[in-house]
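Some notes on the structure that comes next.
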Amino acid sequence: KGELSALRAESERLTVESASLRRRLAAAEEGAKELRVLKERVKELERLQSESAETAPAKPAGVGPAPEDVAEARRRLVELSQLLFERGELNAARAVALSASRLGADDAATLYRIAYCTAATGQFEEAGQWYERAREALQAQPDPDEELLKKCLNNHGAALAKLGKADDAERLYRDALELDAGYAPAYFNLGLLCEGDPGRAEEAIQAFRSHIAHGGSRSVAARNCIMALQARSEPEAADQ
């Protein structure tokens, strides 16, 4: 009897899990279908815009995409890129956000997503250009999104560090910390930057400790870095 109950419970669990997977599959298929439709629509709008520009002096009334069509396609692309970004589908999010940008999307969040996804592919130079555009868009606002601005500064700094531009990277990390002295991600990146300079080991340790103190998500890695730095400095102290 007990075995039968266990089998029934397992059967019910599998039924629920199967239904959940079917729903997720349907949502994924619907998202992929919408993405294909939007991409085709973007191509059509870009073609019409190009033709319209080439024949602008003699363009008959009504030729070219209607502004409301462009605006609607842009809006849907921005929303889809955000959804894909939140799901961690960075390549798809980047492709969709770039399409939105070509249709005139210049909001800071879209520019930031392009920058982040571009950096994830290892294209740090191009990513830096997009981060710069996102920062400019934010700083042009009377009341910018401070959280997004901190992310732009910190992640742009990380991209510059990958390119070997340590001074520029440090400046951006410190700009982020000037906005928010408790911004843990910037402390971690600052620690990594100082860690590479033997003369700045103590600065690196302090930065990693600040990351931990402010509840940083990479606290375990920060502790490991601190221990490595301390172990590295102990033999030097013993030799003196």
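The values are calculated or read from the model by the stated rules, or taken from the named source; none is laboratory data. Note that the coordinates shown come from a computational prediction; the quantities given were computed from them, not determined experimentally. Cβ placement follows ideal geometry from the backbone for every residue including glycine, while neighbour counts extend to all protein chains displayed.
For the reader, a short list of remarks on this structure follows.
- Looking across Ala207, Ala231, Ala186, Ala176, one residue alone is assigned to a helix (DSSP H, G or I), farther than 25 Å from Glu132 by Cβ and small (Gly, Ala, Ser). It is Ala231.
- Reported count of residues in region 172-190, each being touching an Asp or Glu at 6+ places or on another chain (Cβ under 8 Å), under 15 Å from Ala222 (Cβ atoms) and either loosely packed, with under 14 Cβ neighbours inside 10 Å or not aliphatic (A, V, I, L, M) (or both), is 0.
- Being surrounded by 18 or more Cβ atoms within 10 Å (Cβ to Cβ), within 30 Å of Ala71 (Cβ to Cβ), in contact (Cβ under 8 Å) with a residue 24 or more places away in the chain and touching a helix residue (DSSP H, G or I) at 6+ places or on another chain (Cβ under 9 Å) is a description that does not apply to Ala169.
- Every listed requirement among (1) more than 20 Å from Thr121 (Cβ to Cβ); (2) of a type in the set (Gly, Ala, Ser); (3) modelled with pLDDT of 65 or more is met by Ala92 save one, (1).
- Residue check, Gly122 under 24 Å from Ala71 (Cα atoms) and either touching a strand residue (DSSP E or B) at 6+ places or on another chain (Cβ under 6 Å) or surrounded by fewer than 15 Cβ atoms within 10 Å (Cβ to Cβ) (or both): no
- Region 103-118, subset out of contact with any Cys (no Cβ under 7 Å at 6 or more places or on another chain) and either of a type in the set (Ser, Thr, Tyr) or outside any helix (DSSP H, G or I) (or both), residue surrounded by the most Cβ atoms within 10 Å (Cβ to Cβ): Thr110
- Unique residue being modelled with pLDDT of 95 or more, over 26 Å from Phe124 (Cα atoms) and of a type in the set (A, V, I, L, M, F, W, C) when the list is Ala213, Ala184: Ala213
- Of Gly199, Gly216, all but one fail to be exposed (fewer than 13 other Cβ atoms within 10 Å of the Cβ) and either under 19 Å from the mean Cα position of the chain (by Cα) or without any contact (Cβ under 8 Å) to a residue 24 or more places away in the chain (or both); the exception is Gly199.
- Note on region 120-145: residues that are in a helix (DSSP H, G or I) and under 23 Å from Leu179 (Cα atoms) amount to 13.
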